[in-house]
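Any read-out appearing in this document is the output of simple, stated calculations on the displayed coordinates, not a laboratory observation. Everything numeric in this text was worked out from a predicted model, so none of it was measured. Here the Cβ is made from the backbone with ideal geometry for all residues, glycine too, and neighbour counts use every protein chain on show.
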């Protein structure tokens, strides 16, 4: 029997050939998936820092609130004229936490998230947060987790969270009961009447002088009501006025893509 016909020799050659193939594949894969070195990270950071803030990210002004958030703010202002209603306030602006753990991590998880509408008393103390959200089942899983995390933080801080369905805003009397009357249940389904919408340059309760013409004998003051303003908002929506709407908040969903200890415990 020749050496080439020896089974042990053939087996050794097969093992050697398989090893060579693995080495070649590993080198090719390493070329494609080579881990980033610290030097490369620094170079990339320098390239990013060298970008001009305005040229690299051309800014464009948008509204602070969506159409439905503006409707909710008008209803709140009409129901609570003695209170201050602030919009899109980051939680870090009115929530304080200990710094024994990473404050940067807390900011990443929840501190940078904005509350839709914040109701404050005369000394700017927060008495309630009103969230204007889509009906259940309309938001993605990440958005739901973000909402739950924010709600838990606010409730732990002793701040009431009132959630409104954006398609069924409560009436003015119901709003006052929800926010001011602490004995009133704060259930979303208590949100009452469906409100029609749209933005206006005039706030409700403002006297507007109407002049028929230069020959008019006298100006006739007209009281602008909340319903007038909401109907103006409806007309704007019907006209398709979507320019300068606020940017979507999915950026926060990307930040909180991983499961966090602040999430509600699984049941």
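Calculated FRET efficiency, residue 148 and residue 23, Cβ-Cβ r, R0 45 Å, to nearest 0.05?
On the way: r = 50 Å, r/R0 = 1.11.
According to the calculation, E is roughly 0.35.
Given just the C-alpha atoms of region 92-133, how large is their convex hull per residue in cubic angstrom?
Numbers: hull volume 3.1 nm³, N = 42.
Convex hull of Cα atoms, per residue: 74 Å³.
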Taking r as the C-beta separation of residue 141 and residue 63 and R0 as 22 Å, the FRET efficiency to the nearest 0.05 is 0.20
Between residue 41 and residue 112, Cβ-based FRET efficiency (R0 22 Å, step 0.05) works out to 0.40
